[in-house]
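A.B. asks: Sending over a structure as structure tokens; questions will come in a sec.
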Amino acid sequence: MTTRVAMWSGPRNISTAMMRSFGARPDTLVVDEPLYAHYLDATGIDHPGRDAVLNSQTRRWEDVAAALTGPLPGTLAVYYQKHMAHHLLPDIGREWLGALTHAFLIRDPAHVVASYARVRGEPTLADLGFPQQVEIFRAFGGPVVEAADVLRDPAGTLGRLCAALGFAFYPAMLSWAPGPRETDGVWAPFWYDSVWASSSFAPYDPSPAVVPPHLAPLVEAARPYYAELARHRL
């Protein structure tokens, strides 16, 4: 029996490093942001490598849902699906989500907004993915991990996550070979430089977030969603 883990994260988190961690397991297949092309096509948003993304994936969410819940090659224990929560647009049906085991990667909104503002000046609440994470959590539940906890104690936090998901923790999840992977999305050259250079999770940085003053209201708008999820963190 394969556990299909849908890991829902917002942007400017450690989601790609988490994908690397699960990809280092010998029993796991990973998929990178399978709803990205639908998101770009439906919203018209211009992201780096937009045309390449649109040409690399199906734009129909129904096809994505079928692939994520359909037959898999071989005998896999884990099918790890890295999702950006904001890719789950309102037009996407929710019924297929019941076939997945959900998990949530969260980060303090101040750090998310401070990081996001450096690459896109005017993010919105919908861009950050917190409302979508809460929607999925309320409907399906699932373990919640805080990025800072993963960086402070990778073995302990990942051990608790794997236990909550119903399978064993592998020490192999703590390190990986640097460089790209065939499973990386075509957008990787624009976003994955630091992960490509890495071989493990980065050390935890306790520095406070520096949020542009005009984005402080956005942090406060996101905080209740974060707090609801953070109450359940492992």
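The values are calculated or read from the model by the stated rules, or taken from the named source; none is laboratory data. In this text, all values refer to a predicted model and were calculated from it rather than measured experimentally. Reconstructed Cβ throughout: ideal geometry from the backbone, glycine too, with neighbour counts over all protein chains shown. With ligands, DNA and RNA removed, areas are computed over all heavy atoms of the protein, side chains included. Shrake-Rupley method; radii C 1.70, N 1.55, O 1.52, S 1.80 Å.
A.B. asks: Keeping every protein chain present and rolling a 1.4 Å probe, give me the accessible area per residue for the chain in Å². Before the final figure, lay out each step's value.
C.D. replies: Numbers: 10320 Å² over 234 residues.
On a per-residue basis, 44 Å².
A.B. asks: Tell me, what is the FRET efficiency for A126 and T75 to the nearest 0.05, using R0 = 35 angstrom and their Cβ-Cβ distance as r?
C.D. replies: Details: r = 39 Å, r/R0 = 1.11.
After rounding, the FRET efficiency stands at 0.35.
A.B. asks: When a/c reaches 1.5 or more, the comparison of a/b and b/c decides; with that in mind, is region 33-143 rounded, prolate or oblate per its Cα gyration tensor? Can you show the working numbers first?
C.D. replies: Numbers: a/c = 1.83, a/b = 1.26, b/c = 1.46.
Cα axes put region 33-143 in the oblate bin.
A.B. asks: Rank these by accessible area, largest first, 1.4 Å probe: I92, I14. It would help to have the intermediate numbers written out before the result.
C.D. replies: On the way: I92 5, I14 30 Å².
Accessible-area ranking of I92, I14, largest first: I14, I92.
A.B. asks: Let me ask you something else. Which one of G44, A77, A17 has its Cα pushed farthest toward the positive end of the charge dipole of the chain, where Lys and Arg give +1 and Asp and Glu give -1 at the Cβ?
C.D. replies: A77
A.B. asks: Using only the Cα atoms of region 119-234, build the gyration tensor, take square roots of its eigenvalues as a ≥ b ≥ c, and label the shape rounded, prolate or oblate: rounded if a/c is under 1.5, else prolate if a/b is larger than b/c, else oblate. Could you put the intermediate results ahead of the total?
C.D. replies: Details: a/c = 1.69, a/b = 1.19, b/c = 1.42.
The shape class here is oblate.
A.B. asks: Using just the helices of the chain, give the 222 nm mean residue ellipticity in deg cm²/dmol: DSSP H runs with n ≥ 4 each add -39,500 (n - 2.57), and the total is spread over all residues, rounded to 500. Spell out each step's value before the answer.
C.D. replies: Values: 12 runs with 98 residues, N = 234.
-11500 deg cm²/dmol, from helical runs alone.
A.B. asks: Tell me the net charge near V195. Cut-off is 15 Å between Cβ atoms, V195 excluded, with +1 for each Lys or Arg and -1 for each Asp or Glu. Walk me through the numbers on the way to the answer.
C.D. replies: Working: positive: R12, R20, K82, R181; negative: D32, E33, E182, D184, D193.
My count for the surroundings of V195 gives -1.
A.B. asks: Something else about it: Under a Cβ-only charge scheme (Lys and Arg +1, Asp and Glu -1), can you give me the dipole magnitude of the chain about the Cα centre, in debye to the nearest 20? Intermediate results must be reported in sequence, preceding the final value.
C.D. replies: Numbers: 19 positive and 23 negative charges, 92 e Å.
Its charge dipole is roughly 440 debye.
A.B. asks: Please list, by residue number, everything in region 1-33 whose backbone N is under 11 Å from a paramagnetic label point 7 Å out along Cα→Cβ of A139.
C.D. replies: Once the point is set 7 Å along Cα→Cβ of A139, nothing inside region 1-33 turns out to lie under 11 Å by backbone N.
A.B. asks: Still on this model: Could you state how much accessible area D153 has, in square angstrom rounded to the nearest 10, with a 1.4 Å probe and all protein chains kept in place?
C.D. replies: Solvent-accessible area, nearest 10 Å²: 70 Å².
A.B. asks: Continuing with this model, one more query. What is the percent carbon and sulfur in the accessible area of the chain, measuring with a 1.4 Å probe over the protein chains and ignoring ligands?
C.D. replies: On the way: 5860 of 10320 Å².
Percent of accessible area from carbon and sulfur atoms in the chain: 57.
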